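Written out below as structure tokens is the structure these notes cover.
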Amino acid sequence: MKSLAVFWKPMTLVFLVLLTVYLLNPFNLGYLIGYLIACLILLQGSFLAKNLDLDFVLLLLFSSTYALFYAFDYESRGAQYIAIFAITPPFFYLLGKYLVRDNIHTKSLFFLLFAISIIFSTTAAISVFINFLKGGFVQLERTIGMFWDNSPTSATIMGSFFTLNMCIPALLIIGVGKKIISFKVLAIVVFIISLICCIRLGSRTQLGIFLITSVLSILYIIPKQNSKQNLMLFFVLGGIGYFISTKVSFDLDADWLTTFADRMEGKNTGIASGGGRTERWVKSLEYLFKYPLGWDVNEFGFAHNFWLDVLRASGIVPFIILIIYTIRSFMQLRKTLGMIKDDIIFKGQILIYFFAFMMIFMVEPVMEGIFMTFIVFCIYKGIINKYRDTLQSTTGETP
């Protein structure tokens with residue numbers, strides 16, 4: 001509780017409550033909370049004076065130019081999205097920075113990021129779990145009604161809410177020697193629920209994130225532990241692996257793999273083609289030179305890649321800005337990890353989360369599909385950048 005006391009300040013609590021409501025997105029009205037958050041951020045004069053940086057400018061340029069192009073073809077989703085696309089990313093980046101106070105402990109930031117991931121997944125988890133209780137795994141339909149209003153939501157969008165939750169095994173591996181029993185129990189429960197939901201959705205992307213981040217966490221933690229600790233880690237992982245392999249059937253005819261079976265073997269959705277994505281990536285790169293101002297989605301559908309779908313929808317200008325922002329984000333992550341000397345768990349968390357975001361951005365249409373996941377990434381970037389700024393002010397390093 002002491003690590004969370006830093007957030008018990010009137011305005012910080014207001015923002016946390018508003019952020020919670022936004023992430024839960026009741027009746028798809030979360031965008032109204034987004035406008036309110038942006039307005040309240042604008043009223044924080046002294047905070048703005050210190051925290052308007054190049055990241056904010058890049059996000060503002062990217063979101064504004066994307067919204068400008070979207071304005072020419074808004075009938076598909078509605079004019080409301082012009083303002084949503086233009087305003088939300090840069091101001092939620094500032095919200096992330098606002099939540100980080102001077103001299104804040106990494107444990108506080110760890111729990112803040114973890115809490116955001118749980119809240120973000122709550123509505124989707126309730127929606128999928130209700131569907132699961134009705135029909136179990138033996139269902140082929142992957143579109144599920146959202147809890148609040150039963151609005152049909154695709155498995156791609158629904159699965160994206162679990163992106164950070166699928167990193168929980170990686171976090172537990174990194175913190176395997178830490179005695180925080182209550183956190184570990186909560187984390188395991190959240191992961192099991194999320195895993196059940198992702199299996200029901202047939203989301204290979206989320207299972208891939210789970211497996212890749214778990215392997216990454218092992219590679220990350222091994223050099224930082226002694227031989228005895230590594231032996232214990234592999235003993236625990238081996239025991240879990242043995243239990244699963246002997247108790248769970250991985251035959252595609254098994255009931256729990258019903259949703260996956262057709263997708264694993266289908267010509268256009270099989271693993272070999274990345275669900276048909278690789279062909280679309282190649283074609284998108286070809287269209288970059290043919291249609292630098294973008295092309296219609298009816299040409300060959302979504303590219304299923306954040307950067308390439310931005311190129312398709314709005315042309316080369318926001319595409320280049322987004323590329324610059326992405327490269328800058330990689331460089332900032334590297335610098336931040338280098339500045340955190342002692343807390344290997346928090347370092348591991350921000351590294352794992354970053355790779356999880358990049359993996360889902362690589363294979364999904366973000367702005368037109370999983371936009372809220374990008375907003376969570378903006379919050380994450382704001383938190384990390386602000387913490388790095390506090391470290392720089394303490395150590396005297398230049399940005």
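When the residues of the stretch 80-105 are filtered to those that are surrounded by fewer than 18 Cβ atoms within 10 Å (Cβ to Cβ) and over 20 Å from residue 311 (Cα atoms), which remaining residue is modelled with the highest pLDDT?
Out of the qualifying residues, it is 105.
In the stretch 284-340, how many residues are assigned to a loop (DSSP other than H, G, I, E, B) and within 20 Å of residue 351 (Cα to Cα)? Show your work before the answer.
Keep residues of the stretch 284-340 that are assigned to a loop (DSSP other than H, G, I, E, B), which gives 291-296, 300-305, 315, 340.
Checking the rest, the ones that are also within 20 Å of residue 351 (Cα to Cα) come to 340.
Number satisfying all stated conditions: 1.
With within 18 Å of residue 376 (Cα to Cα) and surrounded by fewer than 16 Cβ atoms within 10 Å (Cβ to Cβ) as the only criterion, which of 346, 330, 354 stands out? Break it down stepwise before answering.
Working: 346 fails: surrounded by fewer than 16 Cβ atoms within 10 Å (Cβ to Cβ); 354 fails: surrounded by fewer than 16 Cβ atoms within 10 Å (Cβ to Cβ).
One residue alone meets the criteria, 330.
Can you name the residue in the stretch 35-62 that is in a helix (DSSP H, G or I) and in contact (Cβ under 8 Å) with a residue 60 or more places away in the chain and is also farthest from residue 296 (Cα to Cα) among such residues?
Of the residues in the stretch 35-62, the ones in a helix (DSSP H, G or I) are 35-42, 45-51, 54-62.
Restricting the remaining residues to those that are in contact (Cβ under 8 Å) with a residue 60 or more places away in the chain gives 51, 54-55, 58-59, 61-62.
Details: 51: 38, 54: 32, 55: 30, 58: 25, 59: 24, 61: 23, 62: 20 Å.
The extreme case among them is 51.
Okay, residues lined up against (1) among the β-branched types (Val, Ile, Thr); (2) within 30 Å of residue 155 (Cβ to Cβ); (3) at pLDDT 90 or above:
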site: 221; (1), (2), (3): yes, no, yes
site: 232; (1), (2), (3): no, no, no
site: 249; (1), (2), (3): no, yes, no
site: 264; (1), (2), (3): no, yes, no
site: 278; (1), (2), (3): yes, yes, no
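Residue-wise test of (1) touching a Pro at 6+ places or on another chain (Cβ under 7 Å); (2) outside any helix (DSSP H, G or I); (3) surrounded by 12 or more Cβ atoms within 10 Å (Cβ to Cβ); (4) at pLDDT below 90.
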{"position": "167", "(1), (2), (3), (4)": "no, no, yes, no"}
{"position": "177", "(1), (2), (3), (4)": "no, yes, no, yes"}
{"position": "191", "(1), (2), (3), (4)": "yes, no, yes, no"}
{"position": "200", "(1), (2), (3), (4)": "no, no, yes, yes"}
{"position": "275", "(1), (2), (3), (4)": "no, yes, yes, yes"}
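I want to confirm something. Restricting to the stretch 43-66 and keeping residues that are more than 17 Å from residue 323 (Cβ to Cβ) and of a type in the set (S, T, N, Q), which single residue is modelled with the lowest pLDDT? Outline the logic, then answer.
Residues of the stretch 43-66 more than 17 Å from residue 323 (Cβ to Cβ): 43-53, 56.
With of a type in the set (S, T, N, Q) added as a condition, the list becomes 44, 46, 51.
Details: 44: 91, 46: 88, 51: 93.
Per the criteria, the residue is 46.
For the stretch 137-180, give me the residue count where each residue is of a type in the set (D, E, K, R) and more than 25 Å from residue 371 (Cβ to Cβ). Write out each step before concluding.
The first filter runs over the stretch 137-180 and keeps only residues of a type in the set (D, E, K, R), leaving 141-142, 149, 178-179.
After this cut, where a residue has to be more than 25 Å from residue 371 (Cβ to Cβ) as well, the list is 178-179.
Result for the stretch 137-180: 2.
The values are calculated or read from the model by the stated rules, or taken from the named source; none is laboratory data. Being a predicted model, the structure only gives us computed values, none of them experimental. All Cβ positions, glycine included, derive from the backbone under ideal geometry; neighbour counts span all protein chains shown.
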